[in-house]
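The block underneath contains the structure these notes are about, expressed in C-alpha cells.
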Amino acid sequence: SVNPDLASERQTASFCVEKLTALLDGGAEKTRIRRAVVEAIESDPVFSRENQYFQTQNERYEAAVRKAVHLQKKMHEMGWTEDGPEYKYIYRALSGDVAFLLHRVFMRSISVLGSDKQVAKWIPLATQHQLIGSYAQTELGHGTYLQGLETTAVFDIATQEFILNTPKISAMKWWPGDMGRSATHTVVFAQLYIHGKCYGIHPFIVQIRSLQDHSLCPGITAGDIGPKMNFEHIDNGYLMLKNVRIPRDNMLSKFCEVRPDGTYVRQGSQKINYFTMTTVRISLIADEVVIPLMKACTIAIRYSAVRRQSKLKPGEQEAKILDYQTQQEKLLPQLAAAYAFHFINDYLQELFDRGYREIQRKNFDMLPELHALSSGFKAVITHHSTAAVEICLRACGGHGYSLLSGLPSLYTKILASCIYEGENTILLLQTARFLIKCFMAASAGQPVPPSVTYLAAVKPGKCPAKNKLDFLSPDIYTEAYQHVAVRLISSTAAKLQDLIQSGVKKYDAWNQCTVQLVQAAKAHCHYIAVKNFAETVENLETKAGIQKIMKHLCDLFALHGIFSNTGAFLHDGYVSAAQMDMVTASYLDLLAVIRKDAVPLVDAFDFTDKNLNSALGSYDGQVYQRLYEWAQKSPTNKMSPAYERYLKPLLHNTLSKL
Amino acid sequence: ELLTHILDGGPERPRRRKEIEALVLNDPDFQHEDLNFLSRSQRYEQAIRKSSLMVMKLREHGIADPEEIFWFKSFVHRGRPEPLDLHLGMFLPTLLTQATPEQQDRFFMPAWNLEIIGTYAQTEMGHGTHLRGLETTATYDPATQEFILNSPTVTSIKWWPGGLGKTSNHAIVLAQLYTQGQCKGLHAFIVPIRQLGTHEPLPGITVGDIGPKFGYDEMDNGYLKMDNFRIPRENMLMKYAQVEPDGTYVKPVSDKLTYGTMVFIRSLIVGDSARSLSRACTIAIRYSAVRHQSELKPGEPEPQILDYQTQQYKLFPLLATAYAFHFVGAYIKDTYHRISGDINEGDLSELPELHALTAGLKAFTSWTANAGIEECRMACGGHGYSRCSGIPDIYVTFTPSCTYEGENTVMMLQTARFLVKSYTQVSSGQQVAGMVSYLNDLSRQRIQPQHVAARTVTVRINDPASLVEAYKARAARLVEAAAKNLQAELNHRRSKEDAWNRTSVDLVRASEAHCHYVVVKLFTAKLSEVSNAAVRAVLTDLCLLYALFGISKNTGDFLQAGILTSAQITQVNQHVKELLAVIRPNAVALVDSFDFHDVHLGSVLGRYDGNVYENMFEWAKKSPLNKTQVHASFHKHLKPMQAKL
C-alpha cells in the first residue's frame, strides 16, 4: 500500500503524469518500448542489483562481467539488436552496472579510425566477443591534454613492426576501463616515431592478454588501478609496455598511414575525428548526467513528502519537510534543472544529427559551433548536475548518507563526469575561444554561426520589468541572460585586446583572462539553456496541463539562475536593485506553486523501484520499513569476528590489571 | 614553522604533538594494511583492534590530558571515526554531568575500565534535529519501581548512534518520560542492551548495524528497538530531573544548561571544518605543484598546473578559507572556555549569543568546507577520483557534519532567530551588544538615509579593516531585509510560524551574511596579534584574498545594497587575481605549515616528497582485484562465453 503522505500528493496533480512521461520519452510508443525493455531486464534475476550496496570491489566486478555475458544471451533471446529501438534503453535499465562498456568504444574507434581492411578484420572478431577490447588514451601524467602523452611507437623498417614503449612512469596508461582485468586487446595512443622523427599521437591495436589462458602477453604489465569513489564494477586499469612489437597493419590507418618503406602519408580529413569526440560528449549527457539527476530528484522529493519534522502550526501534525520553504528552495530548482537539461539535450541531439548529415556530405561548416556547444554544455551540465545531486543528498539529512538511500552512489558516479571526456575548465576555455573569435567576427560585421548571432545585435539598455509578474515573462528574463552573456564576452574580449596592445604576449594575456573567460562561456551556455527551455515550452501542446506546469518550471529555472548570481545582472545596472527584489519575490512565489506538483513531476520520470534501488525513494513511500528491512540484510549484521578477537578480551577485564 | 606555531597556539603544543605522533606512528601494533583495500567488516575489525589497544596504551603512557588524548586518538585512527567515539565522547561525559553520585559509583568505573561500553542513543529513524518529535517512551511502573521502555512505531527505532550496532553493551537512551499518566518530555536512561559475557542482545532488545554508508566504514552505526524492556528506576539519569519511587516527577532547575554541551560540540565541528579543508588543500596544492600539463608559452616545457590562473582561482581562496576557519575555531573554543566559567557560577547571560553564533558558524563553516573539499578533489582531475588521493575519504568522513549535531539549515534559522530578535530590540530603541552590535547603526542610518550612499566610496579594497566594514554593512542590510519581510508576512495576518516559513530563505541568507562578516572580522583581528612581519604579511594577503573573493562571489549583495559600485567590483575582481599571483610562490609553504604527517594525510597525491606517480603504481599493485594475475571471473564467465560464440 502507498504511504498516505505520498498518495495525497498524487491526487492533486495539475497535469496528466502519463502524458508528461510520453513527452519526455518522445512519444507514447517509445514509452511502451522502454517499459518493455525495463521489464525484461528487471524480471531476470541475473541483472538484479539487490545486494549491490553490500558487495566488495571483487564481487561487483564479477557481477558486472556475469551481467555483460548474460546480456549477449538476453539480447539474442529478445531479438534486440544494436541498431534497434530497444537498444538505448538497455543501459538505462541496467543503471550502467555492467562490464565491457569500453569494448564498444574499442569497436567505435576501429570503425571510425580504421581502414576498410582493418574494419573487416577486427569488427567481426569483436562483435562475437572473440576478443575483448579497451581504449587506452589517458596516462598517469596526462589526461585531457593529448599532445602531452608520452607512450612511444617506433617504426622498425627491418621487421615492418612498431615497437611500443612506456619510457617512464608518468607515461603508463592509467584509468582505461575494462583494461585492469578483462581486456585482451586495446587501442593504445602513442607518439609515432619514424627514422627518429616524431609524427604525433596515433592509435595502435595492441594485444595485451592471451586468448588462451588470459595471461599477460610478453612485455606487458597490466592490472587494476585500485579502489575509486565509484565504478567498483569496472576494472579501470594500468598498462606498461616494454618493447612490445606489433605488425605495421595494427596502426589504425584511415587517416594516416606508414608505408612499408617508412613514408608517412596523411589522407582525408581528420576533422571527423573531432566530431567523434564531440558526439561522445553529447551522448553522455542523457545517460550519465540527466538520468542520475532525475533519480536523485525523485528520491529526495518523494522522501521529503514522507518525512515529517517539527510543526508549522501549533497543535497540528508535524509538517512534511517538503512544506518548508528552505527545503523547497533546495530541491525544486534542481527539479527544474533536470527538465531544462532534458530539453537542451534534445536540442543538442537534433543539432548533431543535422551536423552528421552535413559532414557526410563533406560540409564541415558546422563543426566549430558543434564543438563549442558540446564542450560548453558538457561542462555546464555535468557541473550543475553534480552539485544538484549533492544538494539532494544533503537535503535527505542523515538517511541520505546511508548507501541504502541510493544517493551516495548516484553522487560518486555523476561527479566523475566532470572529469572524463575532457576536464570541465579546459572545455569551457575551448568554448570561450570560440566565443571570442565569433565576437570579433561579429564586431567586424562578418557572418557567425546561428547560436552566436546574438553577439552581433548588442542592444544596450535596461531591463524593462515594472513589477514582479513581469519577471514571469520569458522575453524579459531571456533578454537579461542574453545581456549578461554579451557583457561578459565583450568585456573579456576587450580586456584581452588591451593586454595584447599593451605588449603582453598573447598566451600570457590569455592566461590572465582565463577566470573571466570561464565565466563568459558559462553565461553563454546558461543563456542558450534558458532560451531553449522557453522556446520548448512555447511549442508544447496546451492540453492536459503540461504546458502550464512546464512554463512554471522554465520560469523557476531562469529566476533561480538570476537569484543565485545577482551580481552578474546588477553589475552594469541592467537589472536595478528594486527589480532584483522583484526577481526574488517572484522566485519564492514560484516555489510554492511548483511544490503542489512536485511529486507528480518526479513520478513522470517513470523510474521503477528496482531501477532507483533506494530505500528512501520508492513509489509507495514506505521509507522506514524498507530502511529497516534492508539494514538487516547487511553483512555487518552477521556475527563479526571482531567480538571474539578484540571486544571480548576488552570487555572481560583485561584492563583491570592496569 | 612560525606559522605552524600560530596555528597551534605556541611552540610547546606542536612539540608535544609531534612526540605523541611519533609514539603512535613508531608503534608496530598500530600498523595495518591500507584501509582502502579492506571490506567494511574488516575496517570495523581493524578499528576495534586499534581502539582496544589505544585505551591500554594511553594508560601505559600515562596520557590523561584531554587534548593529548585527542591527538593520540587522531593519530591512531588517522583522523577517522572509530567505534568507541561515542563511549569516550558522549557516554562517559554524560555520566559525569547528568548522573547522581550514586549512579556514578555504579556505572563510572566499569565504564572507565571498559567492562561497560556505552553509546548515546538519541536520533530515531523518524526524527533527528527536532528533538521534541522523538517517539521512544519510558513509562514508569510504581508497582515494580521500573521504567518500561518501548519503541512504539517503526519511526521510533533508534537509528544512527555510533557504536550501537555491534560494539556497545549499554546505551544512554533518550525517551519521552511518562509517569502518573502524563508525558514529562525527553529524559535520559541508562539501558543495558547486551548480555555481559556473551554479548548477545538481551530479551526485549533488537539491535544491529544500519548497513553501509557513504563513509564511516569503521563505525557500527546502529539501530535499537525495545519491546517492554524494563530497567530499574535508578537507571534514569537523575542529577537534574527526578522520578520518585511513587512516581512523582521533580522538575530540573534550568534547562538552559544543556546548551553548553551543544555549544561545545558545535565548536569542535568548526575546528574540524578547518582541519578537513586544510588536509584537502594540502593534497591539492602539493599535487598541483607536481603535475605538469599543456603549455603556457609555445615551445617551453609543460608548466606546473599550479601556474594556471584557473587552478589558482580554485585553490587559493580555499587555502585562505582554511586559515580563516582555523582562527574562527580557536576563537570559539576560547570563548566557550571563558564563558563556561561564568556558567558554572550561574551567569548565563552570554550563552544565548554564543549559542546563536556557534549554530550559525557550525553551518557556515561545514557547508563551505564541504564544498571546498570537493573543489580540491576536482582540481586534482581524474586522480582525485581515485581513493589513493585520500580526498574521497576526507569528503565522505566530513560531509555528515552538515547534518549531525544540528542540521545546517535549522542551525542557520536558529542564528536568524537571534538576529531578528536583536533587530527588533534595536528597532524599539534598545542597544544590543556583542557581534550583532552593528545592528545599532541601522537606527542611526534611518535618521539620515541620504548618507547611506555616501559611505560607498569609503571602502578601501586593500584594507582588511575597511572590508570588515563592507561585510558588516551587507549583514546589516540582509538582516534588515529579512526582518522587514517577516513583518510584512505577519501584517498579512499569517500565523507566526507560517510567516517565519515564508521568510526562511531570506533568513538563511541573513545568517550567512552575518557569519561571513564574523569570519572576516576574526581573521582581520588575528593579523594584529602576529608579531613576525613576514608571517603577518603573508597572512594579510590571505585575509585580503578571503575577504575579496567572498565579495566577488556575492557581488549582487554588495551592489544591490549600494555598498560597492560596479567600478569597485571590477577592481575587486582584478585585485583577487593579483593576489593569486602574490600567493603563488608561498602556496606550498602555506600548506606545509598545516603540518600534516604523510600517514595522517593518507594521500599518495599529497605526499610531502612529491613522488606521486611511482607511489600510485605501488599502491595500485596492492589492490584486491590484483591479488591474482588472472581474475577468477575469466574462468567463470569470460572463457565459457568465448567458447560458445
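The numbers here are math on the coordinates, done by the rules we state, and not lab data. Please read all numbers here as calculations on a predicted model, not as lab measurements. We place every Cβ from the backbone using ideal geometry, glycine too, and count neighbours over all the protein chains shown.
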Inset, instruction - Using the Cα centre as the reference, give the magnitude of the dipole from point charges on the C-beta atoms of the range B:1-80 (Lys, Arg: +1; Asp, Glu: -1; all else neutral), rounded to the nearest 20 debye. - result: 280 debye
Legend entry - Average other protein chain Cβ within 10 Å of Cβ, residues A:413-423: 3
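Please give the contour-minus-distance gain from residue A:35 to residue A:539: 0.36 nm per residue of separation, less the Cα-Cα distance, rounded to one decimal in nm.
178.8 nm
Apply 1/(1 + (r/R0)^6) to the Cβ-Cβ distance of residue A:10 and residue A:77, taking R0 = 22 Å, and write down the FRET efficiency to the nearest 0.05.
0.05
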Inset, instruction - Taking the Cβ of each residue in A:48, B:511, A:586 as the centre, tally the other Cβ atoms inside 10 Å and list the residues starting with the fewest. - result: A:48, A:586, B:511
Legend entry - Debye log10 I(q)/I(0) at q = 0.24, 0.30, 0.31, 0.33 Å⁻¹ for the range A:494-537, Cα point scatterers: -0.76, -0.95, -0.97, -1.03
Legend entry - Relative contact order of the range A:1-139, defined on C-alpha pairs under 8 angstrom at six or more residues apart (%): 20 percent
Inset, instruction - Kindly provide the Kirkwood hydrodynamic radius of the protein assembly as shown in Å, to one decimal, from all pairs of distinct alpha carbon atoms. - result: 32.8 Å
Inset, instruction - Indicate the helices, whole DSSP H runs only, in chain A that combine a mean Kyte-Doolittle hydropathy of -1.0 or more with a Cα extent along their long axis of 24 angstrom or more. - result: A:325-360, A:367-395, A:424-443, A:474-501, A:514-538, A:546-563, A:577-595
Inset, instruction - Straight distance only, please: which aspartates and glutamates reach the Cα of residue A:437 with their own Cα at less than 14 Å, same-chain residues fewer than 8 apart left out? - result: A:369
Legend entry - Estimated FRET transfer efficiency when R0 is 41 angstrom, pair residue B:100-residue A:317 (beta carbons, to 0.05): 0.65
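Within the set A:330/B:184; A:88/A:548; A:173/B:577; A:596/B:314; A:413/B:158; A:117/A:362, which residue pairs have Cα atoms separated by over 32 Å?
A:330/B:184; A:173/B:577; A:596/B:314
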Inset, instruction - Could you tell me whether chain A comes out rounded, prolate or oblate from its Cα gyration tensor? Rule is a ≥ b ≥ c as square roots of the eigenvalues, rounded for a/c under 1.5, then prolate if a/b exceeds b/c, otherwise oblate. - result: oblate
Legend entry - Calculated from backbone phi, Karplus (6.51, -1.76, 1.60) coupling profile of the range B:297-307 in Hz, x at Gly/Pro: 10, x, x, 8, x, 5, x, 4, 5, 5, 7
Inset, instruction - Loop sites only, by DSSP: take the GluC sites (Glu not before Pro) in chain A that have at most 15 other C-beta atoms within 10 Å and name the longest stretch containing none of them. - result: A:83-315
Legend entry - Low-density loop cleavage sites - chymotrypsin sites (Phe, Trp or Tyr not before Pro) in the range A:333-383, where at most 11 other Cβ are within 10 Å (DSSP): none
Legend entry - Net dipole in debye of the range B:139-295 [+1 Lys, Arg Cβ; -1 Asp, Glu Cβ; about Cα centre; nearest 20]: 520 debye
Legend entry - Other-chain or far-sequence residues with amide H under 5 Å of residue A:256's (modelled H): A:267
Inset, instruction - Report, ordered by chain and residue number, the aspartates and glutamates lying within cross-link reach of residue A:197, taken as a straight Cα distance under 13 Å and ignoring same-chain residues fewer than 8 apart. - result: A:156
Legend entry - Reach of residue A:313 by Cα under 16 Å, taken over lysines that are not fewer than 8 positions away in the same chain: B:496
Inset, instruction - Sticking with the crude label model, points 7 Å out along Cα→Cβ, report the distance from residue A:629 to residue A:159 in nm, one decimal please. - result: 6.2 nm
Legend entry - Lys/Arg +1, Asp/Glu -1 at C-beta; the range B:1-80 dipole; positive extreme among B:24, B:44, B:9: B:44
Legend entry - Separation in nanometres of the label points that stand 7 Å from Cα toward Cβ, at residue A:116 and residue A:361: 2.4 nm
Legend entry - Spread of Cα-to-Cα distances over 10 Å intervals beginning at zero, given as percent, for the range B:108-165: 21, 36, 35, 8
Legend entry - For residue B:208, residues with placed amide H under 5 Å, excluding near neighbours: B:223
Inset, instruction - Place +1 on the Cβ of every Lys and Arg and -1 on the Cβ of every Asp and Glu in the protein assembly as shown, take the dipole about the Cα centre, and give the residue among B:423, B:587, B:62 whose Cα lies farthest towards its positive end. - result: B:587
Legend entry - Within the protein assembly as shown: Cβ-based charge dipole about Cα centre, in debye rounded to nearest 20 (Lys, Arg +1; Asp, Glu -1): 1680 debye
Legend entry - In sequence order, calculated HN-Hα J values of the range B:372-388 (Karplus, 6.51, -1.76, 1.60; Hz; x Gly/Pro): x, 4, 5, 5, 4, 4, 4, 5, 8, x, x, 5, x, 7, 6, 5, 5
Legend entry - B:310, B:119 arranged by Cβ crowding within 10 Å, fewest neighbours leading: B:310, B:119
Inset, instruction - Report the label-to-label distance for residue B:60 and residue A:44 in nanometres (one decimal), using points 7 Å from each Cα along the Cα→Cβ vector. - result: 5.7 nm
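For chain B, what is the Kirkwood estimate of the hydrodynamic radius, computed as the reciprocal of the mean inverse distance between distinct Cα atoms, to one decimal in Å?
By the Kirkwood definition, the hydrodynamic radius is 27.3 Å.
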Inset, instruction - Starting from the amide H of residue A:225, placed 1.01 Å from N in the peptide plane, find each other amide H under 5 Å away whose residue is 5 or more places distant or on another chain. - result: A:236, A:237, A:238
Inset, instruction - Mind checking which of B:547, B:174, B:113 is farthest towards the positive end of chain B's charge dipole, using Cβ charges of +1 (Lys, Arg) and -1 (Asp, Glu) about the Cα centre? - result: B:547
Legend entry - Pairwise FRET efficiency - residue B:250 versus residue B:31, Cβ, R0 = 56 Å, nearest 0.05: 0.60
